[in-house]
Amino acid sequence: MTFSFMISTLLIICLLVIVINIVKDANKKQERPSLFSLIIFGLLLLNWILYMTSFYTYIPATISEILFLPIWFTLALSGLIVAILNKRKNSSFSIAIGGISVFSGFFGLFLYWLSNM
């Protein structure tokens with residue numbers, strides 16, 4: 001394993017633990033997030049894990065180019081929509097998923113810009 005892979009895995013695990021604790025503490029006062037919100041959050045994390053483990057390099061380049069950026073932007077946009085819809089019901093989860101979605105969207109734009117250089 002490379003050092004960057006271990007650091008990125010550690011950061012993802014820390015992020016997951018922080019978000020779970022925020023949601024758990026906030027659920028004492030607020031509603032539980034909807035199933036759709038949890039699915040989008042799981043897909044965002046899965047997308048980051050697949051990116052960090054270089055999964056997209058194992059599939060052929062033409063398929064990878066077709067799948068990578070559309071999935072990335074679709075998940076970022078759906079995460080923002082979920083964050084906006086859940087703002088009143090569960091604000092702490094909304095902030096967490098909104099932050100991850102915005103970060104993913106900007107990172108996807110950066111990768112798009114970098115791939116066109």
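The values are calculated or read from the model by the stated rules, or taken from the named source; none is laboratory data. Predicted model only: the values in this text are computed from it and were never measured. Calculation scope for accessible area: heavy atoms of the full protein, side chains included, ligands and nucleic acids excluded. Shrake-Rupley method; radii C 1.70, N 1.55, O 1.52, S 1.80 Å.
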**Message:** From the convex hull of the Cα coordinates of segment 64-103, what is the mean projected area in square nanometres?
**Reply:** 2.6 nm²
**Request:** In Å³ and rounded to a whole number, note down the convex hull volume per residue for the Cα atoms of the chain.
**Result:** 100 Å³
**Prompt:** Whole-Hz Karplus ³J(HN,Hα) for segment 36-44, in order, using 6.51 cos²θ - 1.76 cosθ + 1.60 and θ = phi - 60°, x for Gly and Pro?
**Reply:** 4, 5, 5, 5, 4, 4, x, 5, 4
**Prompt:** Of all accessible surface on the chain at a 1.4 Å probe, what whole percent is carbon and sulfur?
**Reply:** 76 percent
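Averaged per residue, what accessible surface does the chain expose to a 1.4 Å probe, in Å²?
Values: 7850 Å² over 117 residues.
That works out to 67 Å² per residue.
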**Heavy-atom SASA rank of Arg88, Arg32 (probe 1.4 Å, accessible area, largest first)** = Arg88, Arg32
**Complete:** Reported to the nearest 10 Å², Trp72 has, with a 1.4 Å probe, an accessible area equal to 0 Å²
